[in-house]
Amino acid sequence: MLSCGGGGGGPSPTPGPGFALDSMTIANGPPVSPTFTPAPVGSPTHTPSRPTPTLTPRPAATSTNVSSTGPNAVPTGGTVAFNVIGTYIKGSKVQYEDITAGPTTLWTSNNPNSFQGPSSPGALGGIYTTGLAGCACILASNSGVSSQQVGIGVYQDVNACGPPAPPSCACPAGGGTMFLCPPPLPTATATPKGGLEPAASGTPARSARSAGVLMWTFDPGAELRGRIAAGADGSIYFITRDGVMHGLNSAGKEVMRRDADGLSPAVLPDGTVVAMSSRSELAAIGPDGATLWRLEIGESAGPLAATDRAIYASAGADLVSVSTSGSLNWRVSVGPVTTAATTPDGVVVGTSRGTVIALASDGAVVWTFEPDGGFSGSVAYADDVVYAGSGGGGVYAIDLRTGNPIWHVNSAHAVTTGPAVAPSGTIFVGSDTIYGVSADGQLRWKDPTLKPGAAGLFALGYDSVFDAATGDVGAVLTGDGSYVWTSRSFGKIATAASSASGMLYVGTSSGRIFAVR
């Protein structure tokens, strides 16, 4: 018998005013209508017990075995269906809703090789496809509440092999092979009534990790333009294609809505939001929504990076530095900048001309470096080391002080996404596949299962990364290359961001934002 971990709780959408999602139950099979028996009422002070939905004709699943071959089994590439029923509570009233394919239900699996949602457009939630023999745990979550995890064993049926057995078919004498689930991953716990806990600032704790539990979603009604900017308190800000900047607090409630230009905003440590108010004007907005200052910088897509001392933006072929009080620090011609990372005494940028350039806080160019084949991907900084992708393949570690390369780890093709550096020191790079590299330049692993897509890689928690992969798959991997969870419930991923507490924010091409813990 396979088994996985337990659930959590939190605020939720409701089927009617006053109802709150209390629990979720997964069962094998397509969506079904639940039945229940009301709890008996005793004395006038008796509090009715919460009836458990009975999913007929199938009981709630804690494990199931799926054969990858055999006359009565689901073949590789076949489908296996699950449904999830939500129990909603309003005082003594109980209501059940089928939320299997709801837009706010997230389905995840921790083994994309053996068990993953289908890639066909419009696929229903809870529909999975079998792959290689192995084991996976699936989970459904909605608004901070998660179901029990269900263990799925995908194995080869010895009776299907027949004599002689095909070379690829592992057929031990006496029966098929069963692959047991790994220890269950932690799930989200209940959060205080009235909202989510704000995201912590600073370096994530070693335990900070997304467990794949959907906390909330938000639909701005328009597509996203660029990146999501996350604040230290768990708030996020983004700009949509209708020219509106949206600000959401940690519970997913919209607290700011105003006109904006450019692609993306930036959030300063004190909560000030900086964005383009027109094609050429940079503006700062306080947490109360008041405009603090405006400054003409030239046509720009908006801030690339910011600290408590300076905001950096690309304006044509110039890199511009603006103080947090709204005055121009300097303007240096470096070529069009595509990516930037702040350092303790300045900024390092990657340009479309193929060079990596480090600049001091006063605008002086400290060094330039051109990787083999030119710069590609993004730049990152950690512990006096700059990391940069290469058009010739691989990632470089560059000494921040001298600009000299420390090491180079090669990849088969040009870097397309990353490097992304986790606080643990693991460097994640996307090229022909995902590469995991240690801080001393040792290749730890590479995984071709889910190639990073255009949206990229995003460091998440202490030692993990979110991969916005091709095929509309989102996945979280740890520093050793293990999968925490994968999902196709998001749709086409456009961007993502994370907080120090392990909260993940996923933005889709349609504009919908998913907050996952």
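Computed quantities for the displayed model
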| quantity | calculated |
| --- | --- |
| Residue count for the range 214-227, restricted to those that are more than 25 Å from SER109 (Cα to Cα), hydrophobic (A, V, I, L, M, F, W, C) and crowded, with 23+ Cβ neighbours inside 10 Å | 1 |
| Within the range 319-337, tally of residues that are in a strand (DSSP E or B) and crowded, with 19+ Cβ neighbours inside 10 Å | 5 |
| Some residue of the range 229-239 being under 19 Å from THR108 (Cα atoms), surrounded by 18 or more Cβ atoms within 10 Å (Cβ to Cβ) and modelled with pLDDT of 90 or more | no |
| In the range 98-127, the residues that are at pLDDT 85 or above, in contact with a Phe, Trp or Tyr (Cβ under 6 Å, 6 or more places away or on another chain) and within 19 Å of THR25 (Cβ to Cβ) | THR108, SER109, GLY126 |
| Unmet requirement for GLU254, which otherwise passes all of (1) within 26 Å of the chain's Cα centre (by Cα); (2) modelled with pLDDT of 95 or more; (3) crowded, with 16+ Cβ neighbours inside 10 Å | (3) |
| Any hit, the range 338-349, residues being part of a loop (DSSP other than H, G, I, E, B), β-branched (Val, Ile, Thr), crowded, with 18+ Cβ neighbours inside 10 Å and touching a Gly at 6+ places or on another chain (Cβ under 8 Å) | no |
| Verdict on TYR155 being at pLDDT 60 or above, over 24 Å from the mean Cα position of the chain (by Cα) and buried (at least 22 other Cβ atoms within 10 Å of the Cβ) | yes |
| Sole residue being among the small types (Gly, Ala, Ser), modelled with pLDDT of 60 or more and out of contact with any helix residue (DSSP H, G or I) (no Cβ under 6 Å at 6 or more places or on another chain), chosen from GLY195, GLY174, GLY162, GLY221 | GLY221 |
| Selection within the range 365-399 - hydrophobic (A, V, I, L, M, F, W, C) and within 29 Å of the chain's Cα centre (by Cα) | PHE375, VAL379, ALA380, ALA382, VAL385, VAL386, ALA388, VAL395, ALA397, ILE398 |
| Test: residue in the range 436-443 that is of a type outside the set (A, V, I, L, M), in contact (Cβ under 8 Å) with a residue 24 or more places away in the chain, over 23 Å from ARG227 (Cβ atoms) and in a strand (DSSP E or B) | yes |
| Failed item in (1) outside any strand (DSSP E or B); (2) within 18 Å of ILE228 (Cβ to Cβ), with ALA496 passing the rest | (1) |
| Enumeration of residues in the range 294-311 that are under 12 Å from LEU268 (Cβ atoms) and either under 28 Å from the mean Cα position of the chain (by Cα) or not charged (D, E, K, R) (or both) | PRO303, ALA305, ALA306, THR307, ASP308, ALA310, ILE311 |
| Some residue of the range 374-383 being crowded, with 16+ Cβ neighbours inside 10 Å, in contact (Cβ under 8 Å) with a residue 12 or more places away in the chain, within 19 Å of ALA317 (Cα to Cα) and among the aliphatic types (A, V, I, L, M) | yes |
| Matching residues, the range 450-485, being surrounded by fewer than 19 Cβ atoms within 10 Å (Cβ to Cβ) and in a loop (DSSP other than H, G, I, E, B) | LYS451, THR470, GLY471, ASP480, GLY481, SER482 |
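The values are calculated or read from the model by the stated rules, or taken from the named source; none is laboratory data. Please read these numbers as outputs of a predicted model, since none were measured by experiment. Every residue, glycine as well, gets a Cβ built from its backbone with ideal geometry; the counts of neighbours run over all protein chains shown.
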